[in-house]
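What follows is a short report on a single structure.
The values are calculated or read from the model by the stated rules, or taken from the named source; none is laboratory data. Computed from a prediction, not measured in an experiment: that's the story for all the values here. Note that each Cβ is placed from the backbone with ideal geometry, even for glycine, and that neighbours are counted across all protein chains shown. Areas reflect the complete protein model, heavy atoms only, side chains present, ligands, DNA and RNA absent. Shrake-Rupley method; radii C 1.70, N 1.55, O 1.52, S 1.80 Å.
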Amino acid sequence: MKWTDEQKTAIDSRGKNLLVSAAAGSGKTAVLVERIIETVINEKVNLDRLLVVTFTNAAAGSMKEKIQAKISEALYNRDSHYTFLRKQMHLIHKSHIS
């Protein structure tokens, strides 16, 4: 996916809390999912160590499904961090995404 400069900044920003606020359909969920995936895979942060808050339970459920799909994709592609990613598949159910 091609990200806007603002979206890329939200994905790559580290070392501080982050609030993503934008209009409906602007890609907030996609940006947050990408940020979470990069944090988990590149920085080896367990999913249950993150706190992700979104506006609705439906959005939180959608986000969990998308994160799980991205981790599954990395597992399917035989990512070098297979054991770590398998652990994340189990932790998605304990994650603090609401």
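If you go through the stretch 55-66 one residue at a time, do you hit one that is on the phi < 0 side of the Ramachandran plot and in contact (Cβ under 8 Å) with a residue 40 or more places away in the chain?
Keep residues of the stretch 55-66 that are on the phi < 0 side of the Ramachandran plot, which gives 55-66.
Imposing the further condition that a residue be in contact (Cβ under 8 Å) with a residue 40 or more places away in the chain reduces the set to 57.
Yes - at least one qualifying residue is present in the stretch 55-66.
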Q. Given the conditions (1) over 11 Å from the mean Cα position of the chain (by Cα); (2) crowded, with 17+ Cβ neighbours inside 10 Å; (3) closer than 25 Å to Lys16 by Cα, and given that Ala74 satisfies all but one, which numbered condition is not satisfied?
A. (3)
Q | Checking Ala23 against (1) modelled with pLDDT of 90 or more; (2) loosely packed, with under 12 Cβ neighbours inside 10 Å; (3) among the small types (Gly, Ala, Ser), the condition it does not meet | A | (1)
Q) From the list Thr29, Thr54, Thr4, Thr83, which residue is crowded, with 17+ Cβ neighbours inside 10 Å and hydroxyl-bearing (Ser, Thr, Tyr)? A) Thr54
Q | Filter pass, Asn17 being exposed (fewer than 14 other Cβ atoms within 10 Å of the Cβ), of a type outside the set (A, V, I, L, M, F, W, C) and assigned to a helix (DSSP H, G or I) | A | no
Q | Residues located in the stretch 1-57, provided they are over 18 Å from Ile67 (Cα atoms) and of a type in the set (Ser, Thr, Tyr) | A | Thr4, Thr9, Ser13, Ser21, Ser26
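To keep it simple, each residue is scored yes or no on (1) without any contact (Cβ under 8 Å) to a residue 60 or more places away in the chain; (2) in contact with a Ser or Thr (Cβ under 9 Å, 6 or more places away or on another chain); (3) closer than 21 Å to His90 by Cα; (4) β-branched (Val, Ile, Thr).
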{"site": "Asp5", "(1), (2), (3), (4)": "yes, no, no, no"}
{"site": "Ser13", "(1), (2), (3), (4)": "yes, no, no, no"}
{"site": "Lys44", "(1), (2), (3), (4)": "yes, no, yes, no"}
{"site": "Leu47", "(1), (2), (3), (4)": "yes, yes, yes, no"}
{"site": "Ile71", "(1), (2), (3), (4)": "yes, no, yes, yes"}
Q) With (1) at negative phi; (2) open to solvent by 40 Å² or more (accessible area, probe 1.4 Å) as the list, and Ile36 as the residue in question, which single condition is left unmet? A) (2)
